[in-house]
Amino acid sequence: MTTIASALADGAVVAKRNLLKIARVPDLLVFSTIQPIMFVLLFAYVFGAEIVIPGVNYREYLMGGIFVQTCIFGATITGSGLANDMKNGIIDRFRSLPMARSAVLIGRTTSDLLNNTLVVVIMALTGLLVGWRIRTSFLEAAAGFLLLLLFAYSISWVMATVGLTVSSVEVFNNAVFLVIFPLTFIANTFVGTDGLPAPLKVVAEWNPVSAVTQAVRELFGNTPSESAVSDAWPLQNPVLASILYMILILAIFVPLAVNRYKKAASR
Amino acid sequence: MSLAIEAEGLVKHYGSVVALEGLDMSVPEGTVMGLLGPNGAGKTTSVRIFTTLLKPDKGLARVNGIDVATHAAEVRSVIGLSGQYAAVDENLTGYENLDMVGRLYHLGKNTSRKRSRELLDQFDLDEAADRQVKTYSGGMRRRLDLAAALVARPSVIFLDEPTTGLDPRSRIALWDVIADLVAQGATLLLTTHFLDEADRLADKIAVIDHGRVIALGTADELKSQVGGERLEVTVASPDQIAPAASVLTAIGMGAVTIDEHTRHLTVPVSSEGETLVETLRALDLQAVKVLDLTLRRPTLDDVFMTLTGHAAEEETNQ
Ligand SMILES: Nc1ncnc2c1ncn2[C@@H]1O[C@H](COP(=O)(O)OP(=O)(O)OP(=O)(O)O)[C@@H](O)[C@H]1O
Ligand SMILES: [Mg+2]
């Protein structure tokens with residue numbers, strides 16, 4: 001077998017193991033879905049009544065942001081799963097086997113991608129229930145979902161790096177939520193960026209979360225009127241910007257994560 | 001005979017903690033090496049280096065002649081490891097755990113399945129085979145982890161405290177499995193705190209302390225190295241320990257070891273002369289009431305105590 005083929009075969013074995021865990025500990029999936037559903041309901045029915053975005057129904061506008069946020073939260077299981085495997089010594093077992101060095105990470109990120117796909121489907125159904133509609137062609141909509149999942153996949157590699165660096169699952173959860181909250185709120189997730197104070201506005205405009213959110217809104221046809229979108233380049237060219245951001249994230253974090261894995265010492 | 005496991009001057013520091021300080025080792029193919037040593041001696045650290053989990057700061061390690069640091073991937077395909085703590089997946093069944101390991105050794109679907117069932121049977125886990133490991137007892141997990149080390153019939157096997165947490169029956173069963181493997185030509189390095197285990201299984205024993213091998217030989221060689229025989233006295237009451245100790249100091253050739261709790265005193269003695277009679281007379285003169293008096297060959301416990309300056313039991317109980 002060539003190196004790549006054998007890495008993929010080993011990765012499939014590891015992915016299967018992770019999927020069995022999701023099936024056997026369904027609480028994991030339930031909780032990674034309940035939170036975004038709560039956000040949808042909260043923003044659609046509680047805050048949403050007060051928020052007006054010109055040119056678009058707020059519930060339609062909201063879904064793009066929630067989708068992206070959900071994907072980031074979903075990607076955290078890559079990191080907590082790896083931190084847990086380190087603690088249990090499974091990573092040691094893997095590292096003593098003649099398997100490809102990248103296989104554990106390939107398997108992990110792949111199974112988490114499948115998990116995220118399921119979560120996105122559940123979110124889309126919830127969205128449809130509260131009045132979200134796709135107003136573009138089938139192909140554009142498909143591209144929207146694809147972009148979301150690719151973004152989730154690239155964030156998985158960031159989480160993998162963090163998960164292999166921290167000393168425990170608890171530390172991972174605390175560390176990651178410290179980053180995720182500002183990352184997903186200082187963005188156009190729930191409201192436009194124009195209302196933000198100057199320095200935060202720049203952060204929000206160049207935040208990858210904003211670019212992906214705007215791209216998804218465009219691909220689903222949920223965009224507000226032209227005046228409600230910032231002039232910043234990533235928000236004017238959101239699909240291209242999203243793709244560039246993902247390439248950048250993967251280029252940095254794939255080698256970093258693999259390197260962390262090689263050095264990982266569980267005890 | 002060629003060497004299956006070699007180490008030359010292994011050094012490993014964790015910050016200011018010295019785990020290994022120039023460890024040398026050579027294990028000929030098809031033999032069993034037992035590593036003995038107090039907690040923190042560096043046993044696990046050496047196993048982790050041999051199994052490519054850890055890079056030494058200095059020194060060389062080879063398995064089947066392959067350099068562990070530069071050709072880790074090749075080393076991994078010939079070794080089997082069961083670490084000090086069972087590394088099995090809680091959410092998989094016993095069978096799924098072994099099959100996963102088999103697949104990652106690239107055994108092929110059918111071979112891997114067949115081998116997994118075979119091992120589950122051998123380790124008396126066949127009834128629990130299709131239950132999730134989270135329902136297993138500690139000893140069952142341990143056995144599953146040991147089975148995982150053997151899935152690919154590796155030629156060099158590393159077992160870090162393999163029988164810790166096993167009941168006596170499982171221990172003996174594992175000894176049989178190990179004897180079989182070695183009879184088929186496998187090389188084994190095992191660490192243990194059970195001296196009888198090292199005595200029974202290992203062709204050679206290396207006593208490690210502070211990251212170095214401080215004694216090496218067969219169990220018999222080590223026993224004669226610490227010399228002489230052991231005189232053991234049990235006295236009737238605590239106040240008789242002191243007079244008995246002074247008698248033994250006069251008769252013996254080394255320090256008297258005292259266990260206050262069991263009122264048990266031990267001292268190395270030379271094998272010539274009428275030691276038993278002499279001792280009994282001297283104790284009688286001091287009006288010490290003796291419950292038990294024996295003269296015996298040194299055990300590995302004595303070796304351990306003499307060489308490392310502390311008893312194995314004390315250490316493990318910490
Ligand atoms: N990850 C680590 N970080 C810091 N120190 C470590 C680490 N691992 C081991 N050590 C230290 O290295 C020394 C050797 O440890 P090692 O685990 O090899 O001992 P051992 O002989 O296996 O002991 P035991 O019988 O308790 O299993 C100890 O002093 C230990 O504290
Ligand atoms: Mg140890």
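The values are calculated or read from the model by the stated rules, or taken from the named source; none is laboratory data. Being a predicted model, the structure only gives us computed values, none of them experimental. Neighbour counts run over all protein chains shown; Cβ positions are idealised from the backbone, glycine included. Side chains are part of the model used for accessible areas, which takes the heavy atoms of the whole protein and leaves out ligands, DNA and RNA. Shrake-Rupley method; radii C 1.70, N 1.55, O 1.52, S 1.80 Å.
Size descriptors for segment B:1-114, from the alpha-carbon set: Rg then Dmax equal 16.0, 49 Å. In this view, the solvent-accessible surface of A:Thr110, computed with a 1.4 Å probe and all protein chains in place, comes to about 50 Å². In this structure the amide hydrogen of A:Ile134, modeled in the peptide plane, comes within under 5 Å of no amide hydrogen from residues 5 or more places off or on another chain. Binning the alpha carbon pair distances of chain B at 20 angstrom intervals from zero yields the distribution 29, 48, 20, 2, expressed in whole percent.
Within the protein assembly as shown, the percentage of alpha carbon pairs spaced more than 41 angstrom apart rounds to 43%.
Rounded if a/c is under 1.5, else prolate if a/b beats b/c, else oblate: with a ≥ b ≥ c from the C-alpha gyration tensor eigenvalues square-rooted, which is segment A:132-218? Verdict is oblate for segment A:132-218. Divided by 2.2 N^0.38 Å, where N counts the residues, the Cα radius of gyration of segment A:4-265 comes to 1.02. All alpha carbon pair distances within segment B:228-297 were sorted into 10 Å bins beginning at 0; the resulting P(r) in whole percents reads 22, 62, 15, 0.
DSSP beta bridges confined to chain B are antiparallel in about 70 percent of cases.
Under a 5 Å amide H cut-off, with hydrogens placed 1.01 Å from N, B:Arg212 pairs with B:Glu21 among residues at least 5 apart or on other chains.
Computed from backbone phi with θ = phi - 60° and the Karplus coefficients 6.51, -1.76 and 1.60, the 3J(HN,Hα) list for segment B:289-305 is 8, 9, 8, 7, 9, 9, 10, 9, 6, x, 9, 5, 4, 5, 4, 4, 5 Hz; x is used for glycine and proline. A probe of 1.4 angstrom, applied to the heavy atoms of all protein chains, finds A:Trp206 with accessible area near 130 square angstrom. Rounded to the nearest 20 debye, the dipole size of segment B:228-297 about its Cα centre is 60 debye, using +1 on the Cβ of Lys and Arg and -1 on the Cβ of Asp and Glu.
Put the Cα centre of segment A:1-63 next to the Cα centre of segment B:1-64 and the gap is 46 Å. For segment A:4-265, the fraction of 1.4 Å probe accessible surface lying on carbon and sulfur atoms is 72 percent.
Only Lys, Arg, Asp and Glu carry charge here, each on its Cβ (+1 for the first two, -1 for the last two); on that basis segment B:1-140 has a dipole of about 280 debye about its Cα centre. Projecting the Cα atoms of A:Ile90, A:Ile186, A:Ser102 onto the charge dipole of chain A (Cβ charges, centred on the Cα centre) puts A:Ile90 farthest toward the positive pole. Solvent-accessible area per residue in segment B:228-297 equals 57 Å², computed with a 1.4 angstrom probe and all protein chains kept. Between the alpha-carbon centres of segment B:110-171 and segment A:137-204 there is a gap of 43 Å.
Each Lys and Arg contributes +1 and each Asp and Glu -1, all at the Cβ; summed about the Cα centre of the protein assembly as shown, the dipole is approximately 2120 debye.
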